[in-house]
Amino acid sequence: MWLPIESAPHGVEVIGEDERGVIERTWFFAASKTTQNWLRYSNNKPWHPVRWMPAPPNPRRAARQDGGAE
C-alpha cells in the first residue's frame, strides 16, 4: 500500500513512486538543513517521489542473519 512521501522514514531505503509512475528504490539524503533530497538508489541522482512503501528485505542480508551461505 502506497503512503504519502512526507510520512517516509529517513535513514532507510524505501520504494518510491513519482508522479509519472516511475518506481525506484530510494533513500533520503540530508547533508545539511539546506541540502536535502530523495535520491535514486540506482544512480544517487535526486528525484521527487510522491508515494512510498517499505522495501522488501535484502535476501542476502536475511541469509546471513539466518546463518545461511550467500
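The values are calculated or read from the model by the stated rules, or taken from the named source; none is laboratory data. Owing to the predicted nature of the structure, the values given are computational and were not obtained by experimental measurement. Glycine gets a Cβ as well: all are built from the backbone with ideal geometry, and neighbour counts include every protein chain shown. Side chains are part of the model used for accessible areas, which takes the heavy atoms of the whole protein and leaves out ligands, DNA and RNA. Shrake-Rupley method; radii C 1.70, N 1.55, O 1.52, S 1.80 Å.
How far, in nm, would the chain grow between Ser7 and Ser32 when pulled straight, counting 0.36 nm per residue and subtracting the alpha carbon separation?
Working: separation 25, 0.36 × 25 = 9.00 nm, distance 1.98 nm.
Full-extension gain reported as 7.0 nm.
Karplus couplings for segment 33-45 from phi (6.51 cos²θ - 1.76 cosθ + 1.60, θ = phi - 60°), rounded to Hz, Gly and Pro as x?
Using θ = phi - 60°, the values come out as 5, 9, 10, 9, 8, 7, 10, 6, 5, 5, 9, 6, 8 Hz.
Leaving out ligands, DNA and RNA but keeping every protein chain, what accessible area does Val22 have, in Å² rounded to the nearest 10, with a 1.4 Å probe?
The accessible area of Val22 comes to roughly 50 Å².
Once phi is turned into ³J(HN,Hα) by the Karplus curve 6.51 cos²θ - 1.76 cosθ + 1.60 with θ = phi - 60°, what whole-Hz value does each residue of segment 7-16 show in order, with x for glycine and proline?
Here the 3J(HN,Hα) series is 8, 5, x, 9, x, 9, 6, 9, 9, x Hz.
With a 1.4 Å probe and all protein chains kept in place, how do Thr26, Thr34 rank by accessible area, largest first?
Thr34, Thr26
Treat each spin label as a single point 7 Å out from the Cα along the C-beta direction, and report the Lys45 to Arg25 distance in nm.
1.8
Within 10 Å, at most 11 other Cβ atoms, and a DSSP state outside H, G, I, E, B define an exposed site. Report the longest part of the chain free of exposed trypsin sites (Lys or Arg not before Pro).
Here the longest run is 34-70.
Ordering Trp27, Trp47 from largest to smallest accessible area (1.4 angstrom probe), what's the sequence?
Highest to lowest solvent-accessible surface, that is Trp27, Trp47.
Which value in deg cm²/dmol, rounded to the nearest 500, describes the helix-derived mean residue ellipticity at 222 nm for the chain, given -39,500 (n - 2.57) per DSSP H run of n ≥ 4 and division by the residue count?
-2500 deg cm²/dmol
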